[in-house]
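Report on the following structure.
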Amino acid sequence: MANQNTPQAAPGKSVKSLTGLDPFLKPYRGRIILALIFLVMAALTTLVLPIALRTLIDQGFVSNDPAERVMALRGHFLALFGVGVALGVFSASRYYSVTWLGERVTADLKQAVYGHVLKQSPEFFETTRTGEVLSRLTADTTLIQTVVGTSLSLGLRNAIMGAGALVMLVVTNPYIMAQVLGALVLVVMPAILYGRRVRKLSRASQDRLADSSAIAAEVLNAIPVVQSYTAEEREAQRFNDATMTAFKTGERRIRARAVLVAFIISAVTGALLFGLYQGTQAVVEGRISAGHMGQTVVYVILLLTSVAALSEVYGDILRAAGATERLMELLSSQSSIQGPANPVELPAKPAGAELVLQQVRFHYPSRPSQAALDQIDLHVRPGETIALVGPSGAGKSTVFQLLMRFYDPQSGSILLDGTPIERLALHTLRERIGIVPQDSTIFSTSALENIRYGRPDASDADVIAAAKAAHAHDFLERLPEGYQTYLGERGVRLSGGQRQRISIARAILKNAPLLLLDEATSALDTESERAVQAALEEAMKDRTTLVIAHRLSTVVNADRIVVLEAGGIVDVGTHAELMARNGLYTKLASMQFESH
């Protein structure tokens with residue numbers, strides 16, 4: 001994903017990308033040390049097995065007395081059993097420790113990424129698809145969990161076992177292993193170079209999976225529109241194309257990884273078998289004992305299995321490195337909207353807020369050459385109701401975006417109760433603003449909790465009072481479980497008007513000094529609109545209210561009506577004053593009133 005907020009990872013990065021997980025591992029240093037102790041003990045116990053086997057072969061059959069020989073063998077087998085029990089205990093302890101660590105780190109990582117994304121400004125989401133973020137939160141973190149909770153410990157254990165087996169082989173067979181090590185060096189270098197290609201393909205594979213996830217998320221959130229345009233087949237085909245692209249990329253990754261594994265295992269096996277052949281010659285010539293040869297065989301097997309496991313783990317680590325890069329990109333992205341280092345504290349909430357816009361000029365980051373607002377000046381007194389009207393694209397919704405500080409203007413200033421809003425903590429600013437958006441958002445929970453979203457500490461009685469004020473109480477009472485009824489994802493069980501009344505109740509419950517109404521009654525029928533309009537007017541008393549309305553009949557009683565066109569204010573006045581001037585407002589009003 002490329003955008004101005006998320007810098008692309010440098011192509012030269014490899015497994016070093018996993019160092020991005022350091023902040024998530026540090027809080028669990030004690031558990032990591034404990035896991036490493038169990039891991040080392042399990043590996044060392046495995047390395048003791050060949051020595052016990054050599055002792056069994058060379059010393060278990062020494063005595064000529066059958067009874068003594070039986071006792072000696074029994075002792076050696078008990079020693080082998082003891083080693084096996086120790087190996088089982090240490091391996092189980094290692095498994096529990098590292099698996100717990102993988103689960104914990106992954107949970108922390110998900111929480112950190114999700115929390116960070118929630119703090120991003122809308123500018124971030126102009127260029128970032130929700131489906132891609134979800135893919136990173138699921139697929140990428142699953143990969144990291146696999147590595148931290150399984151692959152990494154297996155890799156370390158096999159690395160210790162492989163290194164230990166190699167050391168023992170060198171100590172017991174120095175001449176032979178010197179030749180084998182020379183061959184192994186020739187194996188490692190190509191494997192490392194080819195591993196870079198596997199990592200790049202792993203990153204590309206995750207990106208393509210994110211693409212298909214983004215398509216699915218987008219379409220599933222718009223099922224009614226898709227079906228109304230009979231676009232099911234087209235959307236299914238678009239998803240299939242994205243899935244096939246992801247599959248082909250994954251296929252290239254799998255093929256490259258298979259080649260890497262085959263090369264490492266084949267080359268190492270060849271080198272070690274050469275050393276083993278040399279060892280058998282030494283037994284035939286009487287230079288080493290049969291027990292020595294048995295020990296060598298077991299160490300060779302341990303080394304081979306370790307190398308085979310490491311080649312598999314290396315592929316997992318390369319995939320996790322790509323996933324970590326993607327997650328670190330999200331965590332390193334910085335919101336263009338930041339709270340001040342030393343925020344100004346505002347006094348207790350007043351009944352109504354004072355709002356001042358001075359020479360505000362703004363353009364959206366995605367449209368730098370087109371001004372959404374141009375030299376806007378507006379003073380809203382406490383308790384005043386101001387209506388913003390004008391044709392589509394005039395800048396009405398942009399005013400709301402700036403007031404909520406989703407964006408900052410390129411020039412000019414906005415003051416809330418005499419304080420520039422950029423000097424306020426974002427929480428302080430937004431706590432003083434209640435908003436009813438045009439597209440009402442309903443969460444996948446009960447009606448009661450949907451309304452309480454406006455004030456989490458509100459009592460049930462407060463919630464019901466807000467619902468009554470928004471004329472939502474009657475239809476909520478008729479739901480199967482009343483206020484406890486689960487409303488479904490995005491409120492699919494409700495009509496548009498019902499969703500909007502819940503949104504209004506949420507804003508009424510918040511009881512903020514500044515109320516923003518963005519087409520708050522647009523989805524209501526005439527009867528409901530009148531009822532809710534009356535409720536809104538009651539809620540707006542002693543509150544500063546800004547209203548965006550295309551239905552001019554809903555704002556004729558506003559204290560002032562601000563007419564916007566092409567990002568600028570072209571007229572201000574009451575309904576009667578504006579009608580008398582015969583300007584843009586008159587034209588808009590005439591078109592609406594004449595059509596009814």
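Kindly evaluate Thr428 against the criterion of being in a loop (DSSP other than H, G, I, E, B) and open to solvent by 10 Å² or more (accessible area, probe 1.4 Å). Taking the combined requirement at face value, the residue does not satisfy it.
Of everything listed in (1) farther than 15 Å from Pro409 by Cα; (2) under 31 Å from the mean Cα position of the chain (by Cα), the single unmet condition for Pro365 is (1). Restricting Val356, Val380 to residues that are touching a Leu at 6+ places or on another chain (Cβ under 6 Å), closer than 27 Å to Asp518 by Cβ, open to solvent by 10 Å² or more (accessible area, probe 1.4 Å) and not hydroxyl-bearing (Ser, Thr, Tyr) narrows the list to Val356.
Of all residues in the stretch 566-585, those being in a helix (DSSP H, G or I), open to solvent by less than 80 Å² (accessible area, probe 1.4 Å) and either touching a Pro at 6+ places or on another chain (Cβ under 9 Å) or without any contact (Cβ under 8 Å) to a residue 60 or more places away in the chain (or both) number 5. If the condition is being crowded, with 22+ Cβ neighbours inside 10 Å and either at pLDDT 85 or above or among the acidic types (Asp, Glu) (or both), then the stretch 437-455 contributes Ala447, Asn450, Ile451, Arg452.
Tell me, which residue of the stretch 226-258 that is β-branched (Val, Ile, Thr) and surrounded by 12 or more Cβ atoms within 10 Å (Cβ to Cβ) is nearest to Ile215 (Cα to Cα)?
Of the residues in the stretch 226-258, the ones β-branched (Val, Ile, Thr) are 226, 230, 243, 245, 249, 254.
From the residues that got through so far, the ones that are surrounded by 12 or more Cβ atoms within 10 Å (Cβ to Cβ) too are 226, 243, 245, 249, 254.
On the way: Val226: 13, Thr243: 10, Thr245: 13, Thr249: 17, Ile254: 24 Å.
That would be Thr243.
Whenever a residue of the stretch 82-94 is under 18 Å from Ile33 (Cα atoms), its partners that are open to solvent by 40 Å² or more (accessible area, probe 1.4 Å) and at pLDDT below 80, lying with C-beta atoms within less than 9 angstrom and at least six residues away or across chains, give the pairs Ser91/Arg157; Arg94/Arg157. Filtered by the rule that a residue be among the charged types (D, E, K, R) and at pLDDT below 90, the stretch 345-380 gives Glu345, Lys349, Glu354, Arg367, Asp374.
Let's see how each residue does on (1) open to solvent by 10 Å² or more (accessible area, probe 1.4 Å); (2) at pLDDT below 80; (3) over 20 Å from Ile33 (Cα atoms):
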{"residue": "Leu109", "(1), (2), (3)": "no, no, yes"}
{"residue": "Ala112", "(1), (2), (3)": "yes, no, yes"}
{"residue": "Glu123", "(1), (2), (3)": "yes, yes, yes"}
{"residue": "Arg129", "(1), (2), (3)": "yes, yes, yes"}
{"residue": "Arg136", "(1), (2), (3)": "no, yes, yes"}
{"residue": "Thr142", "(1), (2), (3)": "yes, yes, yes"}
{"residue": "Gln145", "(1), (2), (3)": "yes, yes, no"}
{"residue": "Gly149", "(1), (2), (3)": "no, yes, no"}
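The values are calculated or read from the model by the stated rules, or taken from the named source; none is laboratory data. Source: prediction; values computed, not measured. When we count neighbours, we look across all protein chains shown, and the Cβ atoms used for this are built from the backbone with ideal geometry, even at glycine. Protein only, heavy atoms only, side chains kept; ligands, DNA and RNA dropped before computing areas. Shrake-Rupley method; radii C 1.70, N 1.55, O 1.52, S 1.80 Å.
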